[in-house]
Structure formats: C-alpha cells, structure tokens
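The structure appears right after this line, and notes come after that.
The values are calculated or read from the model by the stated rules, or taken from the named source; none is laboratory data. Every value quoted in this text rests on a predicted model; they were computed, and no experiment measured them. Don't worry about glycine lacking a Cβ; one is built from the backbone with ideal geometry, like all the others, and counts go over all protein chains shown. Calculation scope for accessible area: heavy atoms of the full protein, side chains included, ligands and nucleic acids excluded. Shrake-Rupley method; radii C 1.70, N 1.55, O 1.52, S 1.80 Å.
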Amino acid sequence: MPFIVTVAIWFVATGLIAWADNRERATFSTSLLIGSVAGIAGLVVILVAAVSAEVWAVYLAFVGALMVWGWHELSFLTGASAGPRRGMADAGLTGVARFRQAAATVMHHEVALAVTALLLISLSWDVPNQIGATVFVLMFAMRLISKINLFVGVPNSTSEMLPEQLSYLKSYFGPSRMTMLLALSIAGIAGVTVWFASLALAAPVGSAEMVGASLLTTLSLLGVLEHLFLALPFRDGMLWGWAYPQRKAAAQTHQD
C-alpha cells in the first residue's frame, strides 16, 4: 500500500503541476491561489498528524508534505518565485562566474525551500510523527542534487517538461555528458533507498514505523529513477504528455 500510494501521488501530482504551469499565463494567478491554499492546508495537516504515531497519521503527514512541496513547485514553474535573474546565460562564462549567474536564476526558490525545511524541522523536532518534515527534506535534497547535476552536465537534460516561461534555464545546463557526479548521485540516493528499506523490513509488520519507512523507501526509489532519466535517453514527457496540451497545440500551429 505505501508503494502504491507514493507512486500514484507522484504521477498525478507531477502531471497536475505540469498542466497548471503550461496553461495560459492569465490562469497563473488562479493556480497560485489554489496552490497557496493547498500549501497552507498541507502545513496544517502536518502539524495535526505530528502528534500521533498511528498509521493514518503517517499517511496524513506524507500527503501534507507533498501538498507543501507542490505549492513550492507550482510557484517556481509558473515563474512566480524563481530568482532575480530572468534571462539567458551570458556566453563565454565559466567557473564561479557561471555558477553565480545560474544560482541567481533559482535563488528565491531555493531560499523558500530551505526556510520551509527549517520550519518543518523545528516544528517536528520532538513529536511522535516526523514523517512530514523528513519527506520534505528528502525531496529538497534530491531536487538540489538534480539541479547541480543539470548545471554540471548530464547525458539527457530532460527539458521537455520545462514550461515556456522558464525556457531560459536551458542555457544554464551543462554539456551533454556522463559525469562522476551523476554516477555518485545515483549511487548515493540508491544507498539511502536501501537504508530506508532496511528500516521498513526491521519494523513490525503493519506498524506506523514500517509504513513511514516504506513511504520514504518508495520516494527515494523514485528519486533514483528521476536521476536515471538524466543518464538514459528517456523522454519524461512520455509519462506526462497529457499535462501540457496547450504547448502541443501551439507547437502544431507553429509547424502548420
């Protein structure tokens, strides 16, 4: 059940966010309002679930963390909270100068994620159910690793799902290549997955500990899969092609 729940929410939530940030810009304010309400509700859900160590509370905290995460993702992909720099990379920049310029394109988003992570950690520091904070921190870490890999360069940049308002970010991607960093990232996240799996197997069957560790195991496994997408010639748009009909229609019109 934890595996099915995680995969189902991952697939549907990713598609819904992609659908929202690929619609007309006039709809972004409504999407952000709905996302903000969902994010605040997710925070309340985490706080309510944190006081209980029952199985239902673990699932509730997990869903709440994904609601908060989805709020941040929607605000980033619509361009509402990206960074102070909103243009293409300057040609010829290398090293620290290129990194500083790339960091300026996502700085606001990363700071917001870090502040939220610290908030959830502080609120969940001494409570029975810490799944909400753990899920958010885990997703933050995996997303940060993927962004660093994209900056350094990966064989498959998978930029198909990047919305038009953030298309300039492609100019900050590194060259198409396999790096030791990507290999170590995949191995590291796989190691975390194995660790969570060992906790799930060691916990009593049907317990809240088993469910929580199983949810984290599946989430980490999806992180491994997403990083494998960066290494293999796979179009992630194949999974969520239904999520951006407006872009497909515009592309067809342009081709005609």
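Based on this model, can you work out whether G212 counts as touching a residue at least 40 places away in the same chain (Cβ under 8 Å), within 22 Å of A57 (Cβ to Cβ) and open to solvent by 30 Å² or more (accessible area, probe 1.4 Å)?
no
Kindly indicate whether V111 is over 24 Å from L74 (Cβ atoms), modelled with pLDDT of 90 or more and of a type in the set (A, V, I, L, M).
no
Out of all the residues in segment 188-234, which are in contact with an Asp or Glu (Cβ under 6 Å, 6 or more places away or on another chain) and either modelled with pLDDT of 95 or more or closer than 29 Å to G153 by Cβ (or both)?
Correct list: F229 only.
Taking only segment 108-133 into account, find how many residues are closer than 16 Å to G70 by Cα and open to solvent by less than 20 Å² (accessible area, probe 1.4 Å).
Result for segment 108-133: 6.
Considering only segment 166-185, state which residues are open to solvent by 30 Å² or more (accessible area, probe 1.4 Å) and assigned to a helix (DSSP H, G or I).
Residues satisfying the conditions are S167, K170, S171, M180, L181, A183, L184.
Look at G39 and say whether it is closer than 30 Å to P204 by Cβ, open to solvent by less than 40 Å² (accessible area, probe 1.4 Å) and at pLDDT 90 or above.
It is false that G39 is closer than 30 Å to P204 by Cβ, open to solvent by less than 40 Å² (accessible area, probe 1.4 Å) and at pLDDT 90 or above.
Take segment 128-139 and flag every residue that is of a type outside the set (G, A, S) and touching a Phe, Trp or Tyr at 6+ places or on another chain (Cβ under 8 Å).
I131, V135, F136, M139
Would you mind finding the one in L144, L93 that is open to solvent by 30 Å² or more (accessible area, probe 1.4 Å) and modelled with pLDDT of 90 or more? Steps first, please.
Values: L93 fails: modelled with pLDDT of 90 or more.
So the residue among L144, L93 that is open to solvent by 30 Å² or more (accessible area, probe 1.4 Å) and modelled with pLDDT of 90 or more is L144.
With the requirement that a residue be β-branched (V, I, T) and at pLDDT 80 or above, what does segment 13-36 give you?
T27, T30, I34
Of all residues in segment 92-122, which are within 17 Å of G42 (Cβ to Cβ) and free of Cβ contacts under 8 Å to residues at least 12 places away in the same chain?
V115, L118, L119, S122
Taking the criterion of being part of a helix (DSSP H, G or I) and surrounded by fewer than 15 Cβ atoms within 10 Å (Cβ to Cβ), would at least one residue in segment 55-75 satisfy it?
Restricting attention to segment 55-75, the residues satisfying the condition of being part of a helix (DSSP H, G or I) are 55-75.
Going one step further and asking which of them are surrounded by fewer than 15 Cβ atoms within 10 Å (Cβ to Cβ), we end up with 56.
Yes.
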